[in-house]
Every structure is written in structure tokens, then in C-alpha cells.
1. How far is it, in nm, from the label point at B:GLN44 to the one at A:ASN51 when both lie 7 Å from their Cα along the line to the Cβ?
2. Would you mind finding the longest exposed-site-free stretch of chain B, with exposed GluC sites (Glu not before Pro) meaning DSSP loop and at most 15 other Cβ atoms within 10 Å?
3. Find how many whole Å separate the alpha carbon centroid of the range B:21-67 from the alpha carbon centroid of the range A:14-83.
4. Which trypsin sites (Lys or Arg not before Pro) in the range B:1-100 sit in a loop by DSSP (not H, G, I, E or B) and have at most 11 other Cβ atoms within 10 Å of their own Cβ?
5. Rounded to two decimals, what is the ratio between the C-alpha radius of gyration of the range A:15-90 and 2.2 N^0.38 Å?
6. Just to be sure I follow the definition: excluding the sites themselves, where is the longest run in chain A that has none of the trypsin sites (Lys or Arg not before Pro) in a DSSP loop with at most 15 other Cβ atoms within 10 Å?
7. Report the longest stretch of chain A that contains none of the GluC sites (Glu not before Pro) sitting in a DSSP loop with at most 11 other Cβ atoms within 10 Å.
8. Over chain B, what portion of Cα pair distances is larger than 19 Å, expressed as a whole percent?
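Just so it is clear, none of the values below were taken in a lab; they were calculated from the coordinates. These numbers come from a predicted model, not from an experiment. FYI the Cβ positions are ideal-geometry reconstructions off the backbone, even for glycines, and counts take in every protein chain you see.
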Amino acid sequence: DSGVTQTPKHLITATGQRVTLRCSPRSGDLSVYWYQQSLDQGLQFLIQYYNGEERAKGNILERFSAQQFPDLHSELNLSSLELGDSALYFCASSGDRELNTEAFFGQGTRLTVV
Amino acid sequence: AQTVTQSQPEMSVQEAETVTLSCTYDTSESDYYLFWYKQPPSRQMILVIRQEAYKQQNATENRFSVNFQKAAKSFSLKISDSQLGDAAMYFCAYKGTYKYIFGTGTRLKVLA
């Protein structure tokens, strides 16, 4: 158990809909990262938050948005969903006691758009 | 911008044999970390090994070891005494100032 919790584990929705993915980082971790992994592909970086502030942004679509709340949990909002948005969405967190530690991953949310 | 390249989409190894997975990266940063993650069929991302760029000594974790060549920007993973449970996708990752950057992965098959 990595200590990172993602909900829901599975999500099936229709095109054009909006969904929210939730992530609770490991206790004490200030950084949260969101990644998208399409079938048999690598991990595409979407966005990073650090202690509530956006720190880095990747190839995140304008239809996607995220935020990190004061309790450090994060949400990724996906709107106007398209078939191509079907993927595994990972949340990861890392600590900042050391400058660069490994990322701990949640189990992912598998999104299927039909 | 930093990049991570894994040039082997797929590798096969006989059980109990040794296999090496390749990874190269590009960066202008002087302080960074490198990682190998394993993704089994369950899709969970599991850390295998990590290497600090400032350390010359190669990291080792049981049957897993790395060959870190900083000047060449190369970071390969060696798996000794391969086991059936080692079958998975393996991702090389770079961490500099901010985000973690992942390679495209190498699918490792272990043959009984």
C-alpha cells in the first residue's frame, strides 16, 4: 500500500459528460502529481501541485482542470469528455523532507468514455 | 527540456537468467534523481530502484542493480536471476526540479 488513495477506481461515463477524480496523498506529502496513461502507453504528465499551488503543467487539455485543497487532497476535473479521454489516471505524491524523493502512486482511476 | 528515452519496447529473458533494460536521458540540470518503476498487469506503479545523480556508486536492491553513467546520461537496469514475477512494464523516470518524467516503457517477458 503506497498510502496514496484514489477514488473512484473505475468510472464509466458518456461522451460530453464531466467527471471528478479524487486523490488523497500520503500523510505529510505536499506535492501531488497527475498523470494520464492510455492503453499500453507511457505516463503523460498533466499537472503538479505543491501545498495548494500549481507548480508545473504538462500537456493538460483546456477541458481538464485540477486543484489542491487546504487538506492537501487533490481533484482532477475532466469535462466535455471524448472517447480519447479513456485512460488510466494516476495520482502520485512525494515528500519534501528530501529534495527529490520517489513518487508514490495511487492505484489509478480507470476512466472509460462510451 | 528534459527527456527520457527507452529504446527497447519489449525484451524477453529466460527464467533465472540476467537481463538489462536500457534508458537514456537528457538534461541540463546538475541535481536530479533517476528511478526505475515496475508496472505489473495490475497497473500499480511500484518503485524498483532509485539513483541520486551526485552519487557515483551504482544503486543495488537485491536482484536489481543499475549502471549509471552520468557523462553518457545512461541509466540501465539489470535484473539478475529473473523470476516469473518480474514480468511487467518497466519505466525509467527522471526527477529534477519539478515533475517526474517517464520513458515510454519496456515490456519484459520472462520465459519459463
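1. Computed distance between label sites B:GLN44 and A:ASN51 equals 3.2 nm.
2. Free of exposed loop sites, the longest segment is B:30-112.
3. The range A:14-83 and the range B:21-67 have Cα centres separated by 24 Å.
4. B:LYS55
5. 1.08
6. A:19-62
7. The longest uninterrupted stretch comes out as A:1-61.
8. Summing the P(r) tail past 19 Å for chain B gives 40 percent.
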